[in-house]
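Data block below; observations after.
The values are calculated or read from the model by the stated rules, or taken from the named source; none is laboratory data. If you're wondering where the values come from, they're calculated on a predicted model, not measured in any experiment. Cβ sites come from the backbone with ideal geometry, for glycine too, and all protein chains shown count toward neighbours.
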Amino acid sequence: METQMEYKARILGLMEGKDPIAVQRATASEIVRLIDGVPPEKLGQRPAAEKWSVAEILAHLAEGEITSSWRYRQMLECDGCSLPGYDQNLWNRLGSYASRKPEDSLAQFRLLRNANLQMFDQLTPEEWEKHGVHTERGRMTVRELAVQIAGHDINHLAQIKEILQ
């Protein structure tokens, strides 16, 4: 099992040499490209009992965008605030990710992501450096969170590709 710091390092490693905003802008289109024409039953099929299906990953991305939206805005409003973690497996169970329609999760993800991208376009250099303290990953600025979210996108896009091959 990967520790929080190992996870953070792996996700940041995926971002080496990449622009986090460009990655975030491209994610929804890349998802559409990957799942276009894939039957819903295939999207709902888990590759292994302990692994999420594509449909579950899409629901996770949508709900993850809720948390990142809140975290960005909290840091901008309350520089130095606490950013609690969450149990993604509990959220999966409570949100019935397996029963969600992939197109609904994708629509939710797109709406939230677009709102964040619009916000990024308005941030000043000083706002990008405001920070919060994540309870599991430590201090992070708005910019660092944007990098982590982009790395999270790359990670899950790779999982989707692997599942669908």
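Would you kindly identify the helices (runs of 4 or more DSSP H) lying entirely within segment 85-165 that contain at least 3 residues that are within 18 Å of Glu2 (Cβ to Cβ)?
Numbers: elements: 88-94, 102-120, 125-128, 142-164.
Answer list for segment 85-165: 88-94, 142-164.
Is there any pair with a first residue in segment 77-88 that is of a type in the set (Ser, Thr, Tyr) and a second that is assigned to a strand (DSSP E or B) whose Cβ atoms are under 8 Å apart and which are 6 or more apart or on different chains, and what are they?
Close Cβ pairs (under 8 Å, with a partner that is assigned to a strand (DSSP E or B)) amount to Ser82/Gly132; Ser82/Val133.
So that you can scan it fast, the table gives a plain yes or no per residue for (1) among the aliphatic types (A, V, I, L, M); (2) modelled with pLDDT under 95; (3) in contact with a strand residue (DSSP E or B) (Cβ under 8 Å, 6 or more places away or on another chain):
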{"residue": "Gly85", "(1), (2), (3)": "no, yes, yes"}
{"residue": "Arg93", "(1), (2), (3)": "no, yes, no"}
{"residue": "Ala107", "(1), (2), (3)": "yes, no, no"}
{"residue": "Asn116", "(1), (2), (3)": "no, no, no"}
{"residue": "Glu127", "(1), (2), (3)": "no, no, no"}
{"residue": "Glu136", "(1), (2), (3)": "no, yes, no"}
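Test each condition in (1) over 25 Å from Glu136 (Cβ atoms); (2) exposed (fewer than 14 other Cβ atoms within 10 Å of the Cβ) for Gly80 and report the one that comes out false.
Just one mismatch for Gly80, condition (1).
Can Ala48 be described as in a loop (DSSP other than H, G, I, E, B), of a type outside the set (D, E, K, R), farther than 27 Å from Glu136 by Cα and out of contact with any Cys (no Cβ under 7 Å at 6 or more places or on another chain)? So that I can check it myself, show each step before the final result.
Details: in a loop (DSSP other than H, G, I, E, B): yes; of a type outside the set (D, E, K, R): yes; farther than 27 Å from Glu136 by Cα: yes; out of contact with any Cys (no Cβ under 7 Å at 6 or more places or on another chain): yes.
So Ala48 fits the description; yes.
Do we find that Gly13 is over 27 Å from Ser96 (Cβ atoms), out of contact with any Lys or Arg (no Cβ under 9 Å at 6 or more places or on another chain) and not aliphatic (A, V, I, L, M) in this structure?
yes
Could you grab me the full set of residues in segment 23-53 that are without any contact (Cβ under 8 Å) to a residue 12 or more places away in the chain and hydrophobic (A, V, I, L, M, F, W, C)?
Answer for segment 23-53, where residues must be without any contact (Cβ under 8 Å) to a residue 12 or more places away in the chain and hydrophobic (A, V, I, L, M, F, W, C): Ala26, Ala48, Ala49.
Anything in segment 6-17 that is surrounded by 13 or more Cβ atoms within 10 Å (Cβ to Cβ) and either modelled with pLDDT of 95 or more or among the β-branched types (Val, Ile, Thr) (or both)? List them, or say none.
Passing the criteria: Ile11, Leu14, Met15.
Residues are listed down the side, and each one gets a yes or a no for (1) hydrophobic (A, V, I, L, M, F, W, C); (2) under 23 Å from Glu50 (Cα atoms); (3) crowded, with 16+ Cβ neighbours inside 10 Å:
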site: Ser96; (1), (2), (3): no, yes, no
site: Ser99; (1), (2), (3): no, yes, no
site: Pro102; (1), (2), (3): no, yes, yes
site: Arg113; (1), (2), (3): no, no, yes
site: Phe120; (1), (2), (3): yes, no, yes
site: Pro125; (1), (2), (3): no, no, no
site: Thr135; (1), (2), (3): no, no, no
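Among the helices (runs of 4 or more DSSP H) lying completely within segment 1-43, list those that include at least 1 residues that are within 17 Å of the chain's Cα centre (by Cα).
4-14, 20-35
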